[in-house]
Amino acid sequence: MKLKRTLLAASCAIITLTTQASTMPEPPAPVSVFESRVYRDLFSTEDMRSIFSDETLVNRWVEVEVALAKSQADLDIIPESAYHSIKKTADNFEVDFDALRAGTNKVGRGIKPLLDQLKASGDEQVSSYLHFGSTTQDIMDTATVLQVKAANEVIRKQLVAVALQLADLAEEHKTTVMIARSNGQDAIPTTLGLHLTTYMMELNRHIQRLDEASARLQPQIGGTVGTLSAYGDKGLDLQEGVAKELGLTPQTGPWNPSRDNFAETVQILGLVNATLGRVAIDINNYSRTQINEIQEGEGGASSTMPQKRNPRASEYMGAFARMGKMYNSAALDIMSHSDTRQGAPWIVEWSILPESFMVTSAALQRASGLFDKLIVNEDKMLENFSDSKNYVMSEALMNKLAAKVGRGKAYSLVKHAIRSSSDSHGLKDIIENTPEIKQLLTEQEIQAVLDPANYIGSSEQLVENAVAEVRKSLL
């Protein structure tokens, strides 16, 4: 495959793919789910694949080289005419990917074989001044920063969309009563809207984390080991110039062995996937046949069981949460450089950064579809209070009695009554069959204490406050 460079802006260019159908060999069969013609849309999104494609990667390398030459010419480190030759060559350059791959196989990095092709396509000034004073890591790291910032923008946009979906749903269901469960057991009443705000607020915090991490990303311009020694007394100005050309924050020092910013980004993506993994667990539980309070609107059909609606979005979100843990572990390894730099942990980045972004983008796409078509069975939520014999209202009963006989005595009365009752009895039966309790309550009070809607506390206001805060920060 070859790529042809066309003018993007005064300071950079973009590569566009040109097909050489008559001379190109058959492409190799995909071996990764991220490239698979069958699976790739399940594990990534088109936007994210574009950001981390070979075409974009090489484009970023050349973009950094052009920005470096422009800044060097502005500072008289190289002749102005050399920059124009470099830029002209870049604008009209066709990348031979077969040759690039062959050269990369020999040296382990793609920059030298790319430079060889650029120099062969240009004049003597290109050969003399392209990549002047720079090192491979300068170009690759700065290009990675550009990719990560672009990927962060995609993830941020998706996070905002899902958080606002949740805000709308939470507001819609702020008084939709359901059983809250803790440790897998019925606890007390809550509202669906209040539970949805827990997802919403987590995602909003992830947006803040992503913004903070993205702001810390800086280019890497330092020469062989970060000292800028090849540029004399113009090194610091060169750093600022390249950053300006690329729209990045100027660096405050070399970070060749310091990979914490990339590791932090992977950790944040892992947090996003962990939140969506919790959503997946809840949806799986709430959609169980015996509970049936929530269902995915686009469930996957079974090949043999006609009645089934498999929660496919939750299934993939759960898988990506597990993959996120794997990437998080690897992200800590990328920080294990020695001395000025070491190749082994750096190489790990080339895999985990793109893959982390791809699965996170796919997970957020799944979450958006899930919440867009979510089926809420409000009647079943209320039925489940009766199915559990209303024991979930025991705390409400205890607190009603506490106002009359004190908390300690009320707790003992209710607990002893439940333990002494038959398994077939519900909470209402227990009240009726326990004189010590029955004599303390009127019939009206008994009916009120058994109504879940009377025991949701400040849920409605809590939802309104959380939704207002998130919308204010995102809109």
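Here are some notes:
- Just one of (1) surrounded by 14 or more Cβ atoms within 10 Å (Cβ to Cβ); (2) within 39 Å of the chain's Cα centre (by Cα); (3) not in a helix (DSSP H, G or I) fails for Gly457. It is (1).
- Subset of the stretch 386-429 (residues that are charged (D, E, K, R), within 18 Å of Pro189 (Cβ to Cβ) and in contact (Cβ under 8 Å) with a residue 12 or more places away in the chain): Lys389, Glu395, Lys400, Lys428
- Within the stretch 118-143, the set of residues being more than 27 Å from Gln239 (Cβ to Cβ) and either of a type in the set (A, V, I, L, M, F, W, C) or in contact (Cβ under 8 Å) with a residue 24 or more places away in the chain (or both) comprises Ala120, Ser121, Asp123.
- Residue, nearest to the chain's Cα centre (by Cα), within the stretch 429-454, restricted to residues that are of a type in the set (A, V, I, L, M, F, W, C) and not in a helix (DSSP H, G or I): Leu450
- Taking the listed residues Ser81, Ser36, Ser50, the one that is over 18 Å from Glu245 (Cβ atoms), of a type in the set (Ser, Thr, Tyr), modelled with pLDDT of 85 or more and in a loop (DSSP other than H, G, I, E, B) is Ser36, with no other qualifying.
- Whether a residue is within 24 Å of His337 (Cβ to Cβ), of a type in the set (Gly, Ala, Ser) and surrounded by fewer than 23 Cβ atoms within 10 Å (Cβ to Cβ) was assessed, and Gly133 passes this test.
- Selection status of Met381, out of contact with any strand residue (DSSP E or B) (no Cβ under 6 Å at 6 or more places or on another chain) and of a type in the set (A, V, I, L, M): no
- Some residue of the stretch 378-389 being in the same structural domain as Gln165 (by TED's automatic domain parsing), surrounded by 13 or more Cβ atoms within 10 Å (Cβ to Cβ), at pLDDT 95 or above and not in a helix (DSSP H, G or I): no
- No other residue among Asp116, Asp47, Asp96, Asp91 is in contact with a Gly (Cβ under 8 Å, 6 or more places away or on another chain) and charged (D, E, K, R) apart from Asp116.
- Hey, Val64 modelled with pLDDT of 95 or more, closer than 26 Å to Thr360 by Cα, not assigned by TED's automatic domain parsing to the domain that holds Gly324 and not basic (Lys, Arg) or not: no
- Some residue of the stretch 344-356 being among the hydrophobic types (A, V, I, L, M, F, W, C), in a helix (DSSP H, G or I) and surrounded by 21 or more Cβ atoms within 10 Å (Cβ to Cβ): yes
- Residue within the stretch 234-247 that is surrounded by fewer than 22 Cβ atoms within 10 Å (Cβ to Cβ) and closer than 30 Å to Ser368 by Cβ present: yes
- Taken as a whole, the stretch 139-160 holds at least one residue that is hydroxyl-bearing (Ser, Thr, Tyr), buried (at least 16 other Cβ atoms within 10 Å of the Cβ) and closer than 27 Å to Ser44 by Cβ.
- Scope the stretch 102-111; condition more than 12 Å from Val62 (Cα to Cα) and surrounded by 13 or more Cβ atoms within 10 Å (Cβ to Cβ); matching residues: Gly103, Thr104, Arg109
- Answer residue from the stretch 278-292, given it is hydrophobic (A, V, I, L, M, F, W, C) and part of a helix (DSSP H, G or I) and is nearest to Met381 (Cα to Cα) among those: Ile283
- Matching residues in the stretch 116-135 - criterion: being assigned to a helix (DSSP H, G or I) and either within 13 Å of Ile77 (Cβ to Cβ) or not assigned by TED's automatic domain parsing to the domain that holds His84 (or both): Ser128, Tyr129
- If the condition is being more than 12 Å from Ile221 (Cβ to Cβ) and of a type outside the set (D, E, K, R), then the stretch 144-159 contributes Thr144, Leu146, Gln147, Val148, Ala150, Ala151, Asn152, Val154, Ile155, Gln158, Leu159.
Conditions (1) in contact with a Pro (Cβ under 6 Å, 6 or more places away or on another chain); (2) without any contact (Cβ under 8 Å) to a residue 12 or more places away in the chain; (3) buried (at least 23 other Cβ atoms within 10 Å of the Cβ); (4) polar (S, T, N, Q), marked per residue:
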| site | (1), (2), (3), (4) |
| --- | --- |
| Ala187 | no, no, no, no |
| Leu192 | no, no, yes, no |
| Ser229 | no, yes, no, yes |
| Gly253 | no, no, no, no |
| Gln267 | no, no, no, yes |
| Leu271 | no, no, no, no |
| Val279 | no, no, yes, no |
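- Residue match in the stretch 398-405 (condition: of a type outside the set (S, T, N, Q) and not in a helix (DSSP H, G or I)): no
- If you filter the stretch 255-265 down to residues that are of a type outside the set (A, V, I, L, M, F, W, C) and buried (at least 22 other Cβ atoms within 10 Å of the Cβ), you find that the one that is nearest to Thr135 (Cα to Cα) is Arg259.
The values are calculated or read from the model by the stated rules, or taken from the named source; none is laboratory data. For clarity, every value in this text was computed on a predicted model and none was experimentally measured. We place every Cβ from the backbone using ideal geometry, glycine too, and count neighbours over all the protein chains shown.
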